[in-house]
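The values are calculated or read from the model by the stated rules, or taken from the named source; none is laboratory data. Not measured: the values here are computed from a predicted model. We place every Cβ from the backbone using ideal geometry, glycine too, and count neighbours over all the protein chains shown.
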Amino acid sequence: MGKGKEIVQENTEMLLFSDVCGIIDNGRKRIAVYVNSEICLTKWHVGKRIKEDVLYNQRAEYGKQIVKNLAAKLTTKYGSGWNLRNIQHCLRVAYTFSEEEIVYAVRTQFSWTHIRSLVSVTDPLARQFYMEMCRLEHWDTRTLDAKIDSQLYERTAISRKPEDVIKKELDNLKDGNTLNPDLVFKSSYFLDMLGLPDVFTEKDLESSIVTQMQSFICEMGTDFAFIGRQKRITVDAIDYYIDLLFYHRTLRRLVAIDLKLGKFKPEHEGQMLLYLRYLNKNERKEGELSPIGLVLCSEGNTEHVEYLMLDEDSPIKVAQYYTQLPDKKLLAEKMQRAIAIAREHFAEQKTNGK
């Protein structure tokens, strides 16, 4: 009996210790969330106060001197956290975010560093895209900076749509976590992490992707789950092989990926449609939506690619992949041209009543 009592007491103490640790950890999390919220709101209000009282007076040089003097006094009283550089960050955030937006960012538990990174995105729609994807996929600040630096928004299919369509899709994501495939799939993918030589085969590419799967999924998006490579399907006693098969958790869809050297060809579409129809009939689980296909080509953006990217009803996405990072300036120009062409195409369709 004595031994039994000792075991009961030990278990009781372990349970008590576990429960108390849980209480303390939860309390610390609540405190951290509260502190972060107050830091962000305080800095936004400081920036708003300076903006409205000083810089709205259109006395640029005089205003700059006032801000400089204010920063010196605040640094003396509160330390380097309120130096001129940090005050300027407060101002930029106040100019960029309305009160409603900053409250939403705080409620989403963005840190001040997240918010500062978002300030660098001048296009309001692009900024909303990064905010919603950051919230949905729980990006840390380093990941957010990397996504912005790689021009993720400009590479997504959604960026090529008319602005009212983009706004609607982003609002749907914000209000109901409704994720449109055009927010997920891109016009180009950076696969420099694969370390491929200048000359390689489709099999080399596939093998490198499987070897570097974690890095590949980071480029694709965090909700992709790898299912397998060279997925065999049999139609009329003929075997076909899907290069890579993934599942996207939020979209609730199987994603078939075909890897191609060179440009996109019309026969690639027929091949992918066969894969998708087979998957839809034989592999789709209850509660899942119809599969979607991605054809990754080493050369792009042909007219075939542009038209398929614009086709609302097509379950196939076509994109270019880069095994070496392109020049950022040239890539930005290319993305902006593609967006302008796509939006012009939509405008023509609307005018023609299509």
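What to note about this one:
- The condition of being of a type in the set (D, E, K, R), surrounded by fewer than 17 Cβ atoms within 10 Å (Cβ to Cβ), assigned by TED's automatic domain parsing to the domain that holds Arg252 and at negative phi holds for Asp198.
- Lys73 being without any contact (Cβ under 8 Å) to a residue 40 or more places away in the chain, more than 25 Å from Ile148 (Cβ to Cβ) and within 26 Å of the chain's Cα centre (by Cα): no
- Restricting the range 263-281 to residues that are touching a His at 6+ places or on another chain (Cβ under 9 Å) and among the basic types (Lys, Arg) leaves a set whose member that is surrounded by the fewest Cβ atoms within 10 Å (Cβ to Cβ) is Lys265.
- A single entry from Ala94, Ala32 fulfils the requirement of being surrounded by 10 or more Cβ atoms within 10 Å (Cβ to Cβ), assigned to a helix (DSSP H, G or I) and at pLDDT 85 or above: Ala94.
- Any pair with Cβ under 7 angstrom, 6 or more apart, that starts in the range 78-92 at a residue that is of a type outside the set (D, E, K, R) and ends at one that is surrounded by fewer than 16 Cβ atoms within 10 Å (Cβ to Cβ): Leu84/Lys68
- Just one residue in the set Gly81, Gly47, Gly63 is part of a helix (DSSP H, G or I) and in contact with a Cys (Cβ under 8 Å, 6 or more places away or on another chain); that residue is Gly47.
- The set of residues in the range 81-112 that are under 15 Å from Ile39 (Cβ atoms) and more than 23 Å from the chain's Cα centre (by Cα) comprises Gly81, Trp82, Asn86, Ile87, His89, Cys90, Ala94.
- Any chance Gln230 is under 28 Å from the mean Cα position of the chain (by Cα) and either over 30 Å from Ala338 (Cα atoms) or free of Cβ contacts under 8 Å to residues at least 40 places away in the same chain (or both): yes
- Lys328 fulfils the conditions (1) surrounded by fewer than 19 Cβ atoms within 10 Å (Cβ to Cβ); (2) at pLDDT 80 or above; (3) not polar (S, T, N, Q) except for a single criterion, (2).
- The listed residue being at pLDDT 85 or above, basic (Lys, Arg) and touching a helix residue (DSSP H, G or I) at 6+ places or on another chain (Cβ under 9 Å), out of Lys263, Lys281: Lys263
- For the range 211-248, taking the residues that are among the β-branched types (Val, Ile, Thr) and assigned to a helix (DSSP H, G or I), the one that is farthest from Glu269 (Cα to Cα) is identified as Thr211.
- Residue in the range 48-62 that is of a type in the set (Ser, Thr, Tyr), modelled with pLDDT under 90 and farther than 25 Å from Ile115 by Cβ present: yes
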